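Q: The following block contains the structure, expressed as structure tokens.
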Amino acid sequence: MALDVTAVLEIGTTTVRVMVGEIRDDNVVSVIGIGETDSRGIRKGEIFNRDDAIKCVRKALKSAEENRRKSIHSVLLVTSGGQAEARKSSGVHKLVDPMDNQLSEVDEVDISDVVEVARKVALPENRIKLHTLQQYFQVDDSRNITNPVGMAGEELRVDMLTIHGKRSAVDNFRKIVDDAPITCTDAIFSGLCSAMAVVTEEQKKAGVLVVDIGGGTTDFTLYHDGFIQAAGSFAVGGDHVTNDISVGLQIPLSQAELVKKKDGSALTNLMERDHNIPIPAASQGFSGKMVRAVTLNTIINARMEEILMLVKDQVDLQCPNISLSSGVLLTGGGSFLNGVRDLGQKVFNVPCTHGKPYDVHGLPSAKESPLYASHVGAIRYAASLNKPVEKVSLGKKLLTIFWGGTHE
């Protein structure tokens, strides 16, 4: 018997996509419907034309309903346009009165109290909390504890990672969904979803960085020692590469996108200096031209290296000298660009591969699976919140949430 069916909506810069799926008893994600359309009214992950965006959402929903042959009444909104950032905080709970000369054992109420304290992170008014992710406990001087119940001490501490986004961006996307009209049950961070789809428990412990390169935004999520240690997003993605090509080569955007996918590479090769690429004519009055391959790839390399360096610099800032023993996993449409994996390996100095969702059935093709990582992960996320919890103690519930954290 599967858990409840979940509909996931992502309003991206290049594509609006709806995925409907469920978690089977064997924990496999079963995709039972997909609807998508080219995106209009979105730039750099933010809305600039509401009417066009609403039309795209309605079209994608209708396509998914026809594919599934059932109506969709509510969706989980996957957002990457909220300029997400991560902040670490701690909660402290005194187990005994300082005047008492004795220790006290940690119980489930103590855990609940300290987690509640850690979740209360003050954010500016223009920021909205997306997730609060629980990490290690500490009892007095004993650190890196995953389950402190029954341990004796004077003070209990817990570390928390809060992922927050730009309030106006998140609220505006919610309003787009409301005006579709359809119910938006929650808004979640795309980078977290992509990581949930492609990262195994072994990789979480060893250290792995997931980079989701979309059309207008790039998200990243870093796992190490079993927990998320860093996360964030930038308003730059694959569409910026296309725009750079269009400006640099003086060709229409449509032709720039075609040549990027067909002949472009994120790596430069001086051996290509004598190799020319024909750009075909376009309907908007462009008569076609020849460009040098080395020029094209130099333009692509500059922007793609900038994107990856933005991620690297932020990871180094949040988690300096952290080990990435499981390397870097690339997801999203931008990950399919030729040479991007090799460039990623050069930038991060670790193996860099495509992050493919595991334990999933019903995707259009295994080759394109990194494109759907955030949607598969969102279905897993929803299922983790809906699992039956009867006859489970509070402490165990807090300690067995899929990433070791809580959501708000």
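Q: For the range 162-183, enumerate the residues that are more than 22 Å from residue 217 (Cα to Cα) and in contact (Cβ under 8 Å) with a residue 12 or more places away in the chain.
A: Of the residues in the range 162-183, the ones more than 22 Å from residue 217 (Cα to Cα) are 178-183.
Passing the criteria: 179, 180, 182, 183.
Q: For the range 1-75, which fully contained strands (runs of 3 or more DSSP E) count at least 3 residues that are within 20 Å of the chain's Cα centre (by Cα) and under 19 Å from residue 172 (Cβ atoms)? Walk me through how you get there before you give the answer.
A: Numbers: elements: 6-11, 15-23, 29-38.
Counting at least 3 such residues, we get 6-11, 15-23.
Q: Take the conditions in a strand (DSSP E or B), more than 21 Å from residue 229 (Cβ to Cβ) and not acidic (Asp, Glu) and apply them to residue 164. Does it pass? Steps first, answer last, please.
A: Numbers: in a strand (DSSP E or B): yes; more than 21 Å from residue 229 (Cβ to Cβ): no; not acidic (Asp, Glu): yes.
No.
Q: Of the conditions (1) at pLDDT 95 or above; (2) among the hydrophobic types (A, V, I, L, M, F, W, C); (3) within 29 Å of the chain's Cα centre (by Cα), residue 247 fails just one. Which one is it?
A: Going through the list (1) at pLDDT 95 or above; (2) among the hydrophobic types (A, V, I, L, M, F, W, C); (3) within 29 Å of the chain's Cα centre (by Cα), residue 247 breaks only (3).
Q: Going through the range 379-389 one residue at a time, which ones are farther than 14 Å from residue 198 by Cβ and either part of a helix (DSSP H, G or I) or in contact with a Ser or Thr (Cβ under 6 Å, 6 or more places away or on another chain) (or both)? So that I can check it myself, show each step before the final result.
A: Looking only at the range 379-389, we keep the residues that are farther than 14 Å from residue 198 by Cβ, and these are 382-389.
If the condition is that a residue be farther than 14 Å from residue 198 by Cβ and either part of a helix (DSSP H, G or I) or in contact with a Ser or Thr (Cβ under 6 Å, 6 or more places away or on another chain) (or both), then 382, 383, 384, 385, 386 are the ones that fit.
Q: So, in the range 209-250, of the ones that are touching a residue at least 60 places away in the same chain (Cβ under 8 Å) and among the β-branched types (Val, Ile, Thr), which residue ends up nearest to residue 285 (Cα to Cα)?
A: Checking each candidate, the answer is 241.
Q: Tell me the residue from 78, 96, 109, 92 that is part of a strand (DSSP E or B) and in the same structural domain as residue 159 (by TED's automatic domain parsing), please. Even if it seems obvious, please write down each step before you answer.
A: Details: 78 fails: in the same structural domain as residue 159 (by TED's automatic domain parsing); 96 fails: part of a strand (DSSP E or B); 109 fails: part of a strand (DSSP E or B).
Answer to the check: 92.
Q: What residue, among those in the range 133-161 that are part of a loop (DSSP other than H, G, I, E, B) and over 26 Å from the mean Cα position of the chain (by Cα), is surrounded by the fewest Cβ atoms within 10 Å (Cβ to Cβ)? Break it down into steps so the answer makes sense when it comes.
A: Step one: of the range 133-161, the residues part of a loop (DSSP other than H, G, I, E, B) are 140-141, 146-151, 154.
Still in the running and over 26 Å from the mean Cα position of the chain (by Cα): 140-141, 147-151, 154.
Numbers: 140: 14, 141: 7, 147: 14, 148: 25, 149: 18, 150: 9, 151: 17, 154: 15.
In this case the residue turns out to be 141.
Q: Let me ask something else about it. Could you pull out the residue among 207, 215 that is touching a Ser or Thr at 6+ places or on another chain (Cβ under 7 Å) and on the phi > 0 side of the Ramachandran plot? Spell out the reasoning first.
A: On the way: 215 fails: on the phi > 0 side of the Ramachandran plot.
The unique qualifying residue is 207.
Q: Okay, moving on. Suppose we filter 266, 206 for residues that are within 30 Å of residue 136 (Cα to Cα) and touching a residue at least 60 places away in the same chain (Cβ under 8 Å); which single one remains? Steps first, please.
A: On the way: 266 fails: within 30 Å of residue 136 (Cα to Cα).
Result: 206 is the single residue among 266, 206 that is within 30 Å of residue 136 (Cα to Cα) and touching a residue at least 60 places away in the same chain (Cβ under 8 Å).
Q: Show me the strands (runs of 3 or more DSSP E) found entirely inside the range 287-378 where at least 3 residues are in the same structural domain as residue 241 (by TED's automatic domain parsing) and out of contact with any Ser or Thr (no Cβ under 7 Å at 6 or more places or on another chain).
A: On the way: elements: 289-292, 328-331, 352-354.
Those strands (runs of 3 or more DSSP E) span 289-292.
Q: Continuing with this model, one more query. Quick one: is residue 118 free of Cβ contacts under 8 Å to residues at least 24 places away in the same chain, within 25 Å of the chain's Cα centre (by Cα) and over 24 Å from residue 180 (Cβ atoms)? Don't jump to the end; show me each part of the working.
A: Numbers: free of Cβ contacts under 8 Å to residues at least 24 places away in the same chain: no; within 25 Å of the chain's Cα centre (by Cα): yes; over 24 Å from residue 180 (Cβ atoms): yes.
Judged against the criteria, residue 118 is not a match.
Q: Hey, another quick one. For the condition at pLDDT 90 or above, under 30 Å from residue 204 (Cα atoms), of a type in the set (Gly, Ala, Ser) and crowded, with 20+ Cβ neighbours inside 10 Å, what is the one hit in 53, 84, 64, 60?
A: Numbers: 53 fails: under 30 Å from residue 204 (Cα atoms); 64 fails: under 30 Å from residue 204 (Cα atoms); 60 fails: under 30 Å from residue 204 (Cα atoms).
The unique qualifying residue is 84.
Q: Name the single residue that is farthest from residue 335 (Cα to Cα) among those in the range 268-279 being surrounded by fewer than 20 Cβ atoms within 10 Å (Cβ to Cβ) and not polar (S, T, N, Q).
A: Step by step, filter the range 268-279, then rank; the result is 274.
Q: Let me ask another. Pairs needed: first member in the range 58-72, without any contact (Cβ under 8 Å) to a residue 24 or more places away in the chain; second member anywhere, surrounded by 14 or more Cβ atoms within 10 Å (Cβ to Cβ) and in a helix (DSSP H, G or I); C-beta distance under 8 Å; at least 6 residues apart or different chains.
A: 71/65
Q: Considering (1) in contact with a strand residue (DSSP E or B) (Cβ under 6 Å, 6 or more places away or on another chain); (2) without any contact (Cβ under 8 Å) to a residue 60 or more places away in the chain; (3) of a type in the set (S, T, N, Q); (4) within 25 Å of residue 203 (Cα to Cα), say which one residue 321 fails and leave the rest.
A: That leaves (1) as the condition not met.
Q: Okay, next question. Mind counting the residues in the range 24-50 that are more than 23 Å from residue 369 (Cβ to Cβ) and surrounded by fewer than 14 Cβ atoms within 10 Å (Cβ to Cβ)? If you could, list the steps in order and put the result at the bottom.
A: Let us first name the residues in the range 24-50 that are more than 23 Å from residue 369 (Cβ to Cβ), namely 40-44, 46-50.
In the following step, the residues that additionally are surrounded by fewer than 14 Cβ atoms within 10 Å (Cβ to Cβ) were identified as 48-50.
Residues meeting the conditions: 3.
Q: Something else: Checking residue 130 against (1) within 26 Å of residue 224 (Cβ to Cβ); (2) in contact with a strand residue (DSSP E or B) (Cβ under 6 Å, 6 or more places away or on another chain); (3) assigned to a helix (DSSP H, G or I): exactly one of these is not met. Which one?
A: For residue 130, the failing item is (3).
The values are calculated or read from the model by the stated rules, or taken from the named source; none is laboratory data. Just so we're clear, the structure is a prediction, and the values are computed from it rather than from any experiment. Every residue, glycine as well, gets a Cβ built from its backbone with ideal geometry; the counts of neighbours run over all protein chains shown.
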